[in-house]
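The values are calculated or read from the model by the stated rules, or taken from the named source; none is laboratory data. As the structure is a computational prediction, the values presented were derived from the model and not from experiment. Here the Cβ positions follow ideal geometry from the backbone for every residue, glycine too, while neighbour counts run over all protein chains shown. With ligands, DNA and RNA removed, areas are computed over all heavy atoms of the protein, side chains included. Shrake-Rupley method; radii C 1.70, N 1.55, O 1.52, S 1.80 Å.
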Amino acid sequence: MQYIKVEDLAFHYEDEPVLENICFQVNSGDFAMLTGENGAAKTTLLRNILGLLKPTKGSVTLSKKNKEGEKLVVGYIPQQVASFNAGFPSTVLELVNSGRFPRGKWFKKLNADDKEHVKKALESVGMWDARHKKIGELSGGQKQRISIARVFAMDPDLFILDEPTTGMDVDSREEFYKLLQHASEFHNKGILMVTHDHEEIRHYANKHIELIRKEGSPWRCFSTDSCKERSKHPSSFH
């Protein structure tokens, strides 16, 4: 099922063209990586997709329903999301628990299914043993991990991730990519992830969307192999 459809998108900051001729789709079961050099307007493209910016031309369609016909749940991790200061009062477990709260309801009693989701989310990023620590006591990389765990606890249908592995070491990044591949292939989640580590991820992702440009022109996704679907690689996550 199609979760994101971008058609001939262009975006200008005032009179300055930034993006042109952007076309791609992300479906349930896709793990799509979005790459480009520094300054390639990748975050700007994500903000257009999320409705935080309005395209100058073209359109973005974000599905209202998931493949089961229920309301689509989107899990978004922006760049440098883990900006908690030393005085942040919550524990790791309390923050990730909040990913299970319905929208607009900040307190609820978690049932056994909720607690299992939270535990798996924290285990998946290697932070279960730190669940009772105060967030302000954690390193930057650990804060990034629990921010990811909170999104996984939500169990979204569509993940939109803007360089989520900042601060992670190589082993942690690899485990994270395996987790995303498992989510897409076995649970039919849709994933769109901005990354600089495309050589690391190419064994796990099945789509590569690359923003490129000629000198002096806006960033664009040319209709070449860089923007076409690749065949899925066999899963390496069991």
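Table for the structure above
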read-out: Qualifying residue in region 102-112 (condition: in contact (Cβ under 8 Å) with a residue 12 or more places away in the chain and farther than 19 Å from TYR3 by Cβ); value: yes
read-out: Check on PRO17, modelled with pLDDT under 90 and in contact with a Phe, Trp or Tyr (Cβ under 9 Å, 6 or more places away or on another chain); value: yes
read-out: Selection from region 120-162 of residues that are part of a loop (DSSP other than H, G, I, E, B), at pLDDT 90 or above, more than 25 Å from ILE4 (Cβ to Cβ) and open to solvent by 10 Å² or more (accessible area, probe 1.4 Å); value: ARG131, HIS132, LYS133
read-out: Hits in region 1-29 - residues which are assigned to a loop (DSSP other than H, G, I, E, B) and touching an Asp or Glu at 6+ places or on another chain (Cβ under 8 Å); value: SER28, GLY29
read-out: Any hit, region 42-62, residues being in contact with a helix residue (DSSP H, G or I) (Cβ under 9 Å, 6 or more places away or on another chain), open to solvent by less than 60 Å² (accessible area, probe 1.4 Å), in a strand (DSSP E or B) and more than 18 Å from ARG213 (Cβ to Cβ); value: yes
read-out: Count of region 167-182 residues which are more than 12 Å from the chain's Cα centre (by Cα) and closer than 16 Å to ALA121 by Cβ; value: 6
read-out: Members of region 184-230 found to be at pLDDT 90 or above and either open to solvent by 60 Å² or more (accessible area, probe 1.4 Å) or over 16 Å from LEU161 (Cβ atoms) (or both), listed by number; value: GLU185, PHE186, HIS187, ASN188
read-out: Qualifying residue in region 57-74 (condition: within 20 Å of SER217 (Cα to Cα), in contact with an Asp or Glu (Cβ under 9 Å, 6 or more places away or on another chain) and touching a residue at least 40 places away in the same chain (Cβ under 8 Å)); value: yes
read-out: Residue satisfying condition, being on the phi > 0 side of the Ramachandran plot, in contact with a Gly (Cβ under 8 Å, 6 or more places away or on another chain), open to solvent by less than 80 Å² (accessible area, probe 1.4 Å) and not assigned by the TED database to the domain that holds ARG145, within set GLY29, GLY36, GLY69; value: GLY29
